[in-house]
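Scroll down for the structure; my scribbles are underneath it.
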Amino acid sequence: MKDDAKDLLSQAEDRPALVKTRTRRGVSPRILLCLVLCAVLALLPRLVHQRLFSSRLLLLPDSLVQGTCPQVGAIFPAGPNGELWGKLSALYAQVDYEERAVAWLSDAVRIPTELYDDMGLVGEDERWEAFRPFNEYLVEAFPRIHSTVKLTKVNTYGLLYEWLGTDADLKPLLLMAHSDVVPVDPATADQWAHPPYSGHFDGERIWGRGSSDDKNGLIAAMAVIETLLEHDFQPRRTIIMSFGFDEEGGGPYSQGAQALANLLLDRYGKDAFAMIIDEGSGYVEQFGTVFAIPAIGEKGYANVHVEVKTPGGHSSIPPAHTSIGILSSLLVHLESNQENAHLIRTEPLYQYLQCVAEHAPDVSRDLRTALVKGRHSDRALREAEKIVFQDAETKALAGTTQAVDVIYGGVKSNALPEQAAAIVNHRIATDSSLGAMRARYIHLLAPLAAAFNLSYTAFGTSILGPTTETLGELIVTNPDGLEPAPTVPTDPGAKPFALLSGTIRATYAKRREALGGAREVLVAPGIISGNTDTVYYWDLSAHIFRYNHNDLGTGGLGNIHTVNESMGVESFMEEILFFTTLILNADDAELL
Ligand SMILES: [Zn+2]
């Protein structure tokens, strides 16, 4: 651990080029978070059962509950696209097509495309060769795409498909996915209900690594394009599919998504895309209502290195505080002065909660009252915070967090430590910034640096210069970091969010026409605490949604990155209908 930490520090400081790439992507935050989903998904159901559930409905005057979470009606493709949509919806309901779709995904899962954190460069590290058979499989499985659609291989394994529309004035639609998967831990292989690369289909679920993260997204998009080609569909709006191969980490910088994004920027320019859809959240029942929760934001992150340098010497004649003792005081001070988390009216988490207050029947009276009043009253909003932040995960999602994750210092028991350092990991709130995080370090640590007679350099700027009294140095740096993602507009005038919402509602209703059951899904914006490959795509569109149209309750996302990853066939078929509906709706120039 100590060596790793030093390596991270020295690599970053010795190699400015690497630091630059890391401003968009760090190593550690990516490991766990391909889909660390919107905390609301994990925690609000718990809140429902533990603390907030109330069978008493608070009936509020309409004037109070209207308008904070407006719902777009279902949007069904119209005209010739509508006819095709009807035909394809019927096709997808047939057993033959379902078998075909299952085979597409099962076969994709059977080709392991594991990604390791210590992967070297493509072309040098042989482990990348595992991706070759996967890409060859796509050529074989989707012949129409490969005979019709322009394919560019980016950095060997990145795949960029461009299906050119007839109207070059329409901004393209961009679908993203990734072909890599997290490795299966050999120690857990016997815990799988079906072998992790079997792609076994038991009649209800497709089993195996990648089945729900993210080969489902990749294969569903490919299946839809192949099927549309089979039905002689010619898009007016250009459709792009961009498939990376190292979303799950894979090294100190991105060789897949970043290269793809750069090429797209070269070919199409800034803000060239009408909307971008990547993996992310899905739909799930919350407080008695099914909500689809497209993520419209991502938190940022940063690793901050706090380093104290003091003179060495024999430990028989020690000063009152060694560098280790001083560092400890600094870290205690940081932990004693946590940044307050708040619900902010312009932020996605607040928007989500307002949707819950407005549309979900099973919210407790106290929470609903606080949220409704909180639309205008700061005091009421603080009340809502108190209730919602009882859950540590929601609180963490709302605010900038800090975790002292690494510490090292000292080399010998009889030698004074000349250096002690720690790495503090932060996840930056969507309403905050790296600048605010840095300002906090300057503000909090300057008095302590003065008290310990240290000079203080923070983020390259001298805060306290050396004097004749100075006993040592405090150096705080931030070698890598990522700002929170720009929040996607969801106001009534934002066509992409409206189109996505209407498409989700149409898909959900259509699928349940045959299945039976309630056909109503509401759409509420959300955020994810981790980052997807979209971090490289910010310049390409202001409308980036992290959303798989999957049932988070039973669809399969519960087991991503662990044993028994699987994908419910119903959810997968609905994902196919979703992409179909989206493409046909987006083809209407009026709607997007
Ligand atoms: Zn993923």
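The values are calculated or read from the model by the stated rules, or taken from the named source; none is laboratory data. The structure presented is a predicted model; accordingly, all values stated were derived computationally and were not measured. So basically every Cβ, Gly included, is an ideal-geometry build from the backbone, and we count neighbours across all protein chains shown. Areas reflect the complete protein model, heavy atoms only, side chains present, ligands, DNA and RNA absent. Shrake-Rupley method; radii C 1.70, N 1.55, O 1.52, S 1.80 Å.
Cross-link reach is defined here as a Cα-Cα straight distance under 25 Å, omitting same-chain residues fewer than 8 places apart; for residue 412 the lysines meeting it are 2, 6, 309.
Net length available on complete extension from residue 559 to residue 415 is 46.9 nm, with 0.36 nm assigned per residue and the Cα-Cα distance removed. First compute the accessible area of the chain with a 1.4 Å probe, then give the percent of it belonging to carbon and sulfur atoms. Reported share for carbon and sulfur atoms: 53 percent.
Applying 1/(1 + (r/R0)^6) with R0 = 45 Å to the Cβ-Cβ distance of residue 390 and residue 168 gives a FRET efficiency near 0.25. Derived scalar couplings between HN and Hα for region 492-498 equal x, x, 7, 4, x, 5, 5 Hz in order, rounded to whole Hz, by the Karplus curve 6.51 cos²θ - 1.76 cosθ + 1.60 (θ = phi - 60°), x for Gly and Pro. For residue 480, the residues 5 or more places off, or on other chains, whose built amide H falls under 5 Å of its own are 303.
Couplings for region 366-378, taken from phi via the Karplus curve 6.51 cos²θ - 1.76 cosθ + 1.60 with θ = phi - 60°, read 4, 5, 4, 4, 5, 5, 5, 5, x, 5, 10, 10, 5 Hz in order; Gly and Pro are left as x. The H on the amide N of residue 406, modeled in the peptide plane, is under 5 Å from the matching H of 423, each at least 5 residues off or on a different chain. For residue 286, nonlocal amide neighbours, meaning residues 5 or more places apart or on other chains whose placed amide H falls under 5 Å from its own, are 291. Put a plus charge on the Cβ of each Lys and Arg, a minus charge on the Cβ of each Asp and Glu, and nothing anywhere else: the dipole of region 304-459 about its Cα centre is then about 240 debye. Remark: the residue 365-residue 230 segment gains 43.3 nm on full extension, using 0.36 nm per residue and subtracting the alpha carbon distance.
By how many degrees, 0 to 90 and rounded to 10, does the Cα axis of helix 2-14 deviate from the longest principal axis of the chain? Between the helix axis and the principal axis of the chain, the angle is about 80 degrees. Here region 78-111 and region 253-329 have alpha carbon centers that stand 37 Å from each other. Each 10 Å bin from zero up to the one holding the largest Cα-Cα distance in region 423-546 carries the following percent of pairs: 10, 26, 21, 16, 12, 8, 5, 1, 0.
With contacts taken as Cα pairs under 8 Å and at least 6 residues apart, the chain reaches a relative contact order of 26 percent. Think of region 492-562 as having a plus end and a minus end, set by charges on the Cβ of Lys, Arg, Asp and Glu; of 503, 517, 537, 517 sits farthest toward the positive end of this dipole.
For the chain, the calculated P(r) over all alpha carbon pairs, in 20 Å bins from 0 to the bin holding the longest distance, is 20, 49, 26, 5, 0 percent. Dividing the convex hull volume of the alpha carbon atoms of region 396-472 by its residue count gives 111 Å³ per residue. Here each label is just a point 7 Å from Cα along the line to Cβ, and for residue 126 and residue 433 those points are 4.9 nm apart. Take the chain with all the other protein chains still there, run a 1.4 Å probe, and you get 40 Å² of accessible area per residue.
Cα gyration tensor of region 124-262, axes a ≥ b ≥ c as square roots of the eigenvalues: rounded (a/c below 1.5), prolate (a/b > b/c) or oblate? The shape class here is oblate.
I need the shape label for region 511-580. Rule: rounded when a/c is under 1.5, else prolate if a/b > b/c, else oblate, with a, b, c from the alpha carbon gyration tensor. Oblate is the answer for region 511-580, as a/c is 1.5 or above yet b/c matches or exceeds a/b. When only alpha carbons are used to place a centre, region 136-196 and region 426-450 end up 40 Å from one another. Principal-axis analysis of the Cα atoms of the chain puts helix 95-109 at an angle of about 30° to the longest axis. Which entries in 171/510; 87/171; 215/395; 87/495; 395/495; 299/373 show an alpha-carbon gap greater than 29 Å? Listed pairs above 29 Å: 215/395; 395/495. Taking only Cα atoms, what is the 0 to 90° angle, nearest 10, from helix 131-141's long axis to the longest principal axis of the chain? The answer is roughly 10 degrees. Between region 352-382 and region 210-240, what's the alpha-carbon centroid distance in Å? Each part reduced to its Cα centre gives a spacing of 40 Å.
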